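Laboratory data are not the source of any read-out in this text; all were calculated from the coordinates shown. Everything quoted here is computed from the prediction, not taken from an experiment. Glycine gets a Cβ as well: all are built from the backbone with ideal geometry, and neighbour counts include every protein chain shown.
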Amino acid sequence: MLEKLAIQKKFITKTQCAQAIEACRDADNLDLALKNYFEKENILTDKQMKALLASYAALKTIQKNQVFGNCAVDLGIVSKEQFHAEMTRQTNKLAKRKQPELLCKIWIQTQILNQEQYQQIRQQLQREQAPQGTARPSKSAATPEPQQTDYAMDKELDCGVMLKVDASGMAAFIRKTDKFKDTVAAAKIIEQLEDNGIVYGLVESSAVEKFINSSGFKTKPFRVAQGTDTVPGKDARIEYFFETDHLKAGDIDEDGNIDFKDRGPIPWVKKGSLLAKKFPMTEAGEGKNIFDQVLSVPAAADMALKYGTGVVRSSDGLELYAEISGTPTLDRSNKIQVSHAFTAPNDVNFETGHIDYDGDIVIKGTLKAGFKAVGHVVRVGTVDGGKIRASGDVTVLNGMIGGSVYARGNVSIKFVQNSTIYCLGNLTVDKEIMDSRIITSGAVIIKRGEIISSDITCNKGLFTQHLGTEKSVPNTVTFGVDTFTARELKNIQDRIEHTMDEQERINEKLDSLSEDILRDTTNTLGLVHEIDRARHENFLLSKNPGDPTTRGLKSQIQVNNHLLMRLDRELNQLLDRIEKGKSQRRKFQAEWSRLESTLEKLKSEQNNFTQWQQRNPGVAQAVVSGQVIPGTMINGPDVSMEIIEVRNNVKILQTLIATEEDTALGIDIVDNTK
């Protein structure tokens with residue numbers, strides 16, 4: 001997390017980030033290791049480090065609050081409303097550049113929680129599994145330990161040697177005393193060592209013989225026994241190559257504010273992408289001291305590489321790959337799956353943040369006010385003030401109140417109230433449209449209901465049961481006019497013109513940079529010529545040391561040396577300026593290429609909309625099977641008319657109407673004979 005914050009704040013580059021992660025890869029606490037690394041390598045200033053750690057502390061507190069709050073809600077100790085209200089207060093504190101506080105502390109102080117409830121939440125959190133991607137160390141059922149912890153020994157043996165054992169019991173040493181005689185047998189020394197419990201790791205008898213026959217070892221000790229050290233194991237670990245926690249708190253800006261709604265885009269992977277890699281555990285090895293006591297060591301913990309649908313495993317079983325393109329998820333049991341559609345099982349609110357996904361979205365709950373869903377095909381239960389933007393179709397199983405939809409496909413919904421809908425295809429509504437604004441390039445179809453106090457613009461006609469009610473504000477209906485496509489084409493044209501203006505601006509900068517580089521290059525050639533001339537003159541002067549005018553020659557050489565230093569300095573400055581200019585030119589060229597790609601896409605999109613407009617001419621009619629209420633305003637492509645009396649089961653259309661002298665376009669109302 002620390003490295004992501006540092007990149008976000010532009011304190012480090014991506015290259016520095018990769019180097020830091022590689023240097024700290026084996027650390028148990030990556031964030032702590034990264035902090036120490038940044039300080040050791042002097043990568044950040046003190047001010048930057050202080051700001052980074054403040055943001056890190058704020059984010060960690062928010063994450064802890066989310067985990068604690070969600071657990072409290074799941075246990076029914078606090079309500080979702082209490083949790084969301086407190087998180088909102090935390091946001092306000094951050095806006096004032098104050099550090100957030102822990103929820104547990106706040107709720108205990110305000111008596112929302114008592115100590116018993118607090119302990120209940122803590123116990124529940126402790127029962128949950130270890131954090132994703134880490135393995136918890138576990139000891140074996142039996143971990144025998146030597147009864148003693150201090151094995152220090154320092155005593156004289158009968159054979160005339162002084163025995164010393166270190167406190168760990170892992171090594172024994174002997175040295176000769178004044179009573180030692182070289183006639184003692186090696187077996188005697190070994191026997192007395194064994195009498196003192198030293199039975200493991202003893203040297204061979206031949207080594208003891210050498211000790212006896214040596215003239216030394218009166219002050220220098222001889223190691224006579226050595227235990228076997230334990231071999232610590234290494235837990236298995238799994239490295240994930242996708243964002244496993246996209247529901248984390250939003251990004252922190254420079255002022256320390258967190259957007260709890262914007263959690264960033266939903267992770268998406270291509271088919272064949274590496275999802276996870278397992279690093280196997282290293283088995284632990286028991287040790288043994290010189291007293292033949294087994295030294296236990298905690299066993300290394302293994303981890304299973306679990307996977308479900310949309311995932312395949314490598315032949316060695318250590319890597320997981322995406323079998324399909326879609327969104328990868330990691331559940332509470334650490335199982336990885338990949339799905340074509342991203343599914344939100346409940347409401348979209350502060351717990352989830354916005355949903356921005358390059359694919360299909362299924363929301364089984366409600367899209368709450370202030371939150372948005374951006375994807376291809378979007379299917380949602382209910383919209384309560386939320387916003388949907390889709391490149392394909394949109395389906396709302398229930399109704400929409402106070403929301404908005406933009407779709408480049410069809411929209412199907414149960415009812416619409418106080419909302420706005422823009423769509424390229426047809427809008428199909430089961431019941432009514434009320435107090436809403438509708439613009440569609442297709443038709444508006446109301447299966448069984450009415451349109452109340454709304455403004456409807458449709459290109460392919462309107463089909464409804466009732467058009468207005470006696471007590472409501474009259475509707476305005478515009479048919480046979482493709483306002484949606486016209487707006488899109490204007491927007492695209494504006495973006496094309498803006499992109500071309502940006503390209504022109506970059507072209508001017510490129511021309512200016514090229515002129516500067518050419519001028520500096522020409523000046524460089526001149527400096528190089530002057531440097532060569534001064535060096536050649538020094539060479540000629542240095543070849544005549546015996547000349548009567550030697551003093552004058554030395555003076556000229558000194559002048560030339562000063563000149564060379566100045567010319568070298570100017571040359572280096574010019575070369576640096578040329579390199580910076582070339583670097584800037586490469587950046588502008590890359591930006592120009594990106595704009596050119598954008599321009600091609602916009603022109604292709606413009607052509608598609610133009611063709612759509614040509615293939616889908618307007619249908620200037622409205623078919624009403626029930627009542628049309630007086631005051632309803634009807635607008636065709638060319639003429640308008642206000643309904644002045646109640647009409648039943650009629651078809652309203654723009655057509656040529658006979659006049660006394662000729663025919664003219666007008667709005668006609670005819671009985672709907674079907």
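Values as computed for the structure displayed
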{"item": "Semi-axis lengths (Å, descending) of the ellipsoid that matches the C-alpha gyration tensor of the stretch 339-485", "result": "26, 16, 11"}
{"item": "Amide H partners (placed H, <5 Å) of ALA299, local residues excluded", "result": "SER140"}
{"item": "Using alpha-carbon coordinates, inclination of helix 186-195 to the longest axis of the chain, degrees", "result": "50"}
{"item": "Listed values (i) 12, 27, 26, 20, 10, 4, 1, 0; (ii) 16, 44, 28, 10, 1, 0; (iii) 19, 56, 25, 0, entry calculated as P(r) over Cα pairs in 20 Å bins from 0, in percent", "result": "(i)"}
{"item": "Extension reserve of the THR663-LEU518 stretch, reckoned as 0.36 nm per residue once the Cα distance is removed", "result": "45.0 nm"}
{"item": "Eligible aspartates and glutamates near LYS447 by straight Cα distance, threshold 20 Å, same-chain separation 8 or greater", "result": "ASP393, ASP430, GLU432, ASP435, ASP455, ASP671"}
{"item": "Lysine pairs in the stretch 490-615 with Cα atoms under 13 Å, if 8 or more residues apart or on separate chains", "result": "4"}
{"item": "Those lysines that a straight Cα-Cα span of less than 28 Å connects to LYS277, excepting residues fewer than 8 apart in one chain", "result": "LYS4, LYS14, LYS35, LYS60, LYS64, LYS139, LYS234, LYS248, LYS306, LYS335"}
{"item": "All lysines inside 26 Å of LYS155 as judged from Cα atoms, apart from same-chain residues fewer than 8 positions distant", "result": "LYS164, LYS176, LYS179, LYS181, LYS188, LYS210, LYS218, LYS220, LYS288"}
{"item": "Label point distance in nm, ALA187-GLN614, each placed 7 Å from Cα along Cα→Cβ", "result": "11.2"}
{"item": "Summed residue charge, Cβ within 11 Å of LEU318's Cβ, Lys/Arg positive, Asp/Glu negative", "result": "0"}
{"item": "Rounded to 10°, Cα long-axis angle of helix 30-40 versus longest principal axis of the chain", "result": "70"}
{"item": "Segment GLU530-ALA18, extension gain: residue separation times 0.36 nm, minus the distance between their alpha carbons", "result": "179.8 nm"}
{"item": "Ordering of 286-293, 490-497 by burial proxy (mean other Cβ atoms within 10 Å per residue, highest first)", "result": "286-293, 490-497"}
{"item": "26 Å tail of the calculated P(r), the stretch 490-615, as % of Cα pairs", "result": "54"}
{"item": "Helix axis angle, 46-74 relative to the chain longest principal axis, alpha carbon, degrees", "result": "70"}
{"item": "Theoretical ellipticity at 222 nm over the chain - DSSP helices of four or more residues, -39500 (n - 2.57) apiece, nearest 500", "result": "-12500 deg cm²/dmol"}
